[in-house]
Amino acid sequence: MSTTEDTLELQNSEALLKDASSFSPLGVPNCKWWAPDTFYIRRASGSRIFDVDNNEYLDFWCGAGPHILGHAPSEIIDGVVEAINEGNVQFAMPNFRDVEVARKLSEFIPCAEKVALCVSGTDGILYAVRLARAYTGKTKIVKFDGGYQGWADPVAVNNAPDSYNTGETKYATDSAGIPPDAYGNTIILPYNDIETAAIALKHQQDEIAAVLVETMIHSSNLIARPDFLEGLRTICDELGIVLIFDEIVTGFRHGLGGGQAIYGVTPDLGVFGKAMASGYVIAAIVGKNKIMSLAAPEGTVRIAGTFGGNALGTAAALSTLKVLARPGFYEYLYKLGDIVRNGINEAITERGLKARCDGFGSVWCMYFSEVQPQNHQDVVEYRQSGGAAMDQTYRAYMQRKGIFIRQQLVNRAYISAAHTEEDMYRTVEATAAFLDIHAEGLK
């Protein structure tokens, strides 16, 4: 590896960035970019990624979470190659692998009485909302501040607002080009506040079709209080509102049954993706028969998409689910998460610093405050009081040490089964060294 104490050798990436900028947005055709030290991937294996300058990084981004088995796992490749060799790639017709994936999901996920496959998390969210509106005959939806439910206009609001008006939540779109009427039927509420949610839902119960919520908003370092999800379930039952869990991140990352199995709260609908296919493209809407039976061709709610249930995605999903279901799989991932979180928190305590390492299961998050956030306003205050700058400094330092944590709202980091205990201890050691350098500013 060609890293040094202070610099990364990125000449090839810099040249590629300059060249590609003439024919793609800022040189990145997939529009995924960070600064500083942007690099281009050449290859990957297990828990490592390699850039075009042959720098090697311990990868805690895992392709935005899907690579729960690490990069290029042989069992998944074998399953996909088998489908390719059969000529079973893309038909937009019923396929036997679709059936087997749906069967597995219905076995694993508490709410999954019926299953429909699609392409992405955004697709799944929009389909779930459409089903809820058809079922209830109502139009409005509720989502929570700081939650990311995809890039589509109706839900691309308050994903990561960086300011508030006198402590009150306001609408903040995730992108330019989204007109206000696009989210006119979207209501934003604070996360982890069941009292506020109860008042708002009762006040507009005749208009609200669905409540859309993540059991854990890892993108903002937020973990749901048990009473929050339980309270939403009770209120939605009382008011005839569909409860939708966005399990794109939590599903299959924290267990076969997702966050709903961990919390023991069963929603009406759930949306899954990411880790269910080890990086191959697939997502699913699952839920109770009374709602899912409205989906065409059984009902009149259209769920479409050329590549929904694509055979390569379903082949990867079947192979992945087989591995995830093995005894001890999640215990190992949780152990790795505990090693890095406990190790970093011990280093913080020994130095008497104001910081913490949060997360759950195979997700960890370095947070430069002694207070764990409960809602997105806590995250905004953290970022505005110096947390954002310290996060950037930490990520840049770790990248120069060959440990990659992608730039995000917070330092969310994913662990895969390809990671080892040695990888975790190396990460703890590097973080401890960073804390030593910046100890004065963290006391």
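The values are calculated or read from the model by the stated rules, or taken from the named source; none is laboratory data. From a predicted model like this one, the values you see are computed outputs, not experimental measurements. Neighbour counts run over all protein chains shown; Cβ positions are idealised from the backbone, glycine included.
Being surrounded by fewer than 19 Cβ atoms within 10 Å (Cβ to Cβ) and in contact with a Leu (Cβ under 8 Å, 6 or more places away or on another chain) is the requirement here; does A439 meet it?
Working: surrounded by fewer than 19 Cβ atoms within 10 Å (Cβ to Cβ): yes; in contact with a Leu (Cβ under 8 Å, 6 or more places away or on another chain): yes.
When the stated conditions are applied, A439 passes them.
With the condition kept exactly as written, say whether any residue in the stretch 215-227 is assigned to a helix (DSSP H, G or I), polar (S, T, N, Q), in the same structural domain as A128 (by TED's automatic domain parsing) and touching a helix residue (DSSP H, G or I) at 6+ places or on another chain (Cβ under 9 Å).
Let us first name the residues in the stretch 215-227 that are assigned to a helix (DSSP H, G or I), namely 218-220, 226-227.
The next check asks that each one be polar (S, T, N, Q); those that pass are 219-220.
Then keep just the ones that are in the same structural domain as A128 (by TED's automatic domain parsing); that gives 219-220.
With the extra rule that they be touching a helix residue (DSSP H, G or I) at 6+ places or on another chain (Cβ under 9 Å), the set shrinks to 220.
The answer is yes, given that some residue of the stretch 215-227 is assigned to a helix (DSSP H, G or I), polar (S, T, N, Q), in the same structural domain as A128 (by TED's automatic domain parsing) and touching a helix residue (DSSP H, G or I) at 6+ places or on another chain (Cβ under 9 Å).
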Filter the helices (runs of 4 or more DSSP H) completely within the stretch 289-352 down to those with at least 3 residues that are basic (K, R) and at pLDDT 95 or above.
-> 329-351
Between residues in the stretch 196-222 that are closer than 19 Å to Q260 by Cβ and residues that are assigned to a helix (DSSP H, G or I) and of a type in the set (F, W, Y), which pairs lie under 7 Å by C-beta distance while being six or more apart or on different chains?
-> T215/Y263
Restricting attention to the stretch 100-137, and to residues there that are among the charged types (D, E, K, R) and under 30 Å from A176 (Cβ atoms), which single residue is farthest from the chain's Cα centre (by Cα)?
-> R133
Specify which of the listed residues (I199, I208, I141) is farther than 22 Å from V249 by Cβ, touching a strand residue (DSSP E or B) at 6+ places or on another chain (Cβ under 6 Å), among the hydrophobic types (A, V, I, L, M, F, W, C) and at pLDDT 95 or above.
-> I208
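In the stretch 281-306, how many are closer than 13 Å to F252 by Cβ and either out of contact with any Phe, Trp or Tyr (no Cβ under 7 Å at 6 or more places or on another chain) or surrounded by fewer than 19 Cβ atoms within 10 Å (Cβ to Cβ) (or both)? Lay out the reasoning, then the answer.
The initial filter retains those residues of the stretch 281-306 that are closer than 13 Å to F252 by Cβ, namely 282-284, 286.
Then drop every residue that is not either out of contact with any Phe, Trp or Tyr (no Cβ under 7 Å at 6 or more places or on another chain) or surrounded by fewer than 19 Cβ atoms within 10 Å (Cβ to Cβ) (or both), which leaves 282.
Residues that pass the stated criteria total 1.
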Right, E429: among the acidic types (D, E), under 26 Å from D378 (Cβ atoms) and not in a loop (DSSP other than H, G, I, E, B) or not?
-> no
Among the residues of the stretch 328-353, how many are exposed (fewer than 13 other Cβ atoms within 10 Å of the Cβ) and either under 21 Å from H419 (Cα atoms) or in contact with a Leu (Cβ under 6 Å, 6 or more places away or on another chain) (or both)?
-> 2
Counting only residues that are over 16 Å from F108 (Cβ atoms) and touching a residue at least 40 places away in the same chain (Cβ under 8 Å), which one in the stretch 236-264 is nearest to the chain's Cα centre (by Cα)?
-> V249
Within the stretch 362-373, considering residues that are of a type in the set (S, T, N, Q) and out of contact with any Leu (no Cβ under 7 Å at 6 or more places or on another chain), the one farthest from G146 (Cα to Cα) | S369
